[in-house]
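No lab work stands behind these numbers, since they all come straight from the coordinates. Just so we're clear, the structure is a prediction, and the values are computed from it rather than from any experiment. Here Cβ is always computed from backbone atoms with ideal geometry, including for glycine, and neighbour counts include all displayed protein chains.
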Amino acid sequence: MNNSSTSGTFAEAVIDLAAVAHNTRLLAGRARGRLMAVVKADGFGHGMVPVARTTLANGADWLGVTSCAEALRLRAEGIDAPVLTWMHLPDEDFAPAITAGVDLTVASREHLEGIAASARRAGRTAWIHLKVDTGLARNGADPDDWPDLVAAARREETRGRVRVRGVWSHLATAEEPDDPTVGRQIRLFEWAVGRARAAGLRPRLRHLANSAAALGIPRAHFDLVRAGIALYGGEHVPDRTWGLRPALTLSARAIMVRRVPPGTGVSYGHTYRTDRETTLVLVPVGFADGVPRAASNRGEVLVGGERRPIVGRVAMDQFVVDAGDLPVGIGTEVVLLGPGDRGEPTVAEWSRWADTNPHEILTGIGARVGRRYLDARPASHEERRYAVV
Ligand SMILES: *Cc1c(COP(=O)(O)O)cnc(C)c1O
């Protein structure tokens, strides 16, 4: 693999956009309605803009982000596809997002009033998606407050301040399709849509499903699914695979190699001690780059074509690998994470070592790690017409 030592970074994430394209097509093929590509958090660490372009060219109709700042960055890059954002403070100035045609989420009267005020100042109508809480107890309106919220949204519609394009929620247990709470959440969602209609609203996009539900709970699809991790190739069920392709390979080069005697204590606190003469390889990435400290003495990497253990504590900028008697030298490639084709660890393995989910591993890859892109076929996004309902 090419290395990035000339650019001053020690590690490199290679992002295979053909894999993102494959995953997008797979998800678009399974979705009963439309597909939203969730590109928040810099495209889960893969780069928001290249991922957005790739997904739009391969079957995604919408983009999803958390903040107006992210949405406006997409617009500044010339991406004019429909975008929904979902975390705001009510007193933000929404005028730039409204003017840029960004759809905004509303889950409280405060947010509705803030957005309506910005729309009035901008002389525009804000397109909004009302969010109800169906059991996650996060960023949605309490069902008790929902009738009041939909009535208020209808009043703002008649004043021309807002138009309600969507009603949505987010499942608490999407990874367990058979959990009885899934059915309860879906029924509560349908109740909320019914109340919105009874208030005179005409939401054309009902959406509830994330990746896990897009793949495993077809009855939760409604008009749009919001897929994040699956676009990047993260399989969410350990014993079941959907044919997704991991898109990111993280590698670095050994910066130091030393032959040490038995009994050598390694890294802070000497939590590892060599039991024979061996070769220690120093890898110049650490927890500041997203290598979880929890993987100390648990994780493995691919060195010289073989799996070798991470030994001692992972530090902020570096960790040590016990390479045994492998013929390795300064500059040898170390593959931390990838699709697994060459025997390198996968994001699923890292998730287990760090007792977390693939989302945290991928979004944790830090800014010091260089990004390089393997292109999908030339994107046809420029010619694409986006269907906005
Ligand atoms: C992040 C996010 C998603 C995507 O979830 P995945 O599990 O990564 O598919 C969908 N909807 C909302 C509201 C999110 O915040």
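Across Val369, Val328, Val20, mean-square fluctuation computed from a Gaussian network of the chain (C-alpha pairs under 10 Å connected) peaks at Val328. Taking the longest Cα principal axis of the chain as reference, the axis of helix 146-158 is set at about 70 degrees.
Placing dummy labels 7 Å off each Cα toward the beta-carbon, the span from Asp142 to Arg219 is 2.9 nm. Between Leu35, Leu362, Leu282, the Gaussian network model of the chain with springs among Cα atoms under 10 angstrom shows the greatest mean-square fluctuation at Leu282. Computed over the chain, the P(r) tail beyond 29 angstrom holds 49 percent of alpha carbon pairs. Overall, the anisotropy analysis places the range 1-83 in the oblate class: the square-rooted eigenvalues a ≥ b ≥ c of its C-alpha gyration tensor yield a/c not less than 1.5, with a/b not exceeding b/c. Treating the angle as unsigned and between 0 and 90°, give the value, to the nearest 10°, between the Cα long axis of helix 17-30 and the longest Cα principal axis of the chain. Orientation of helix 17-30: about 40 degrees from the principal axis.
When both bridge partners sit in the chain, DSSP labels roughly 45% of those beta bridges antiparallel. Relative to one another, the C-alpha centroids of the range 87-103 and the range 13-52 are positioned 24 Å apart.
Helices in the chain, meaning DSSP H runs of at least 4 residues, each add -39500 (n - 2.57). Divided by all residues, the mean residue ellipticity at 222 nm is -8000 deg cm²/dmol.
Roughly how big is the chain's charge dipole about its Cα centre, with Cβ charges of +1 (Lys, Arg) and -1 (Asp, Glu), in debye to the nearest 20? Intermediate values should be presented prior to the final figure.
Values: 49 positive and 45 negative charges, 224 e Å.
The dipole of the chain has a size of about 1080 debye.
The relative contact order of the chain comes to 19 percent, based on Cα pairs under 8 Å that sit 6 or more residues apart.
Helix 180-198 and the longest principal axis of the Cα set of the chain meet at an angle near 30°.
Comparing mean-square fluctuations of Gly78, Gly343, Gly33 from a GNM of the chain with C-alpha springs under 10 Å, the top value falls on Gly78.
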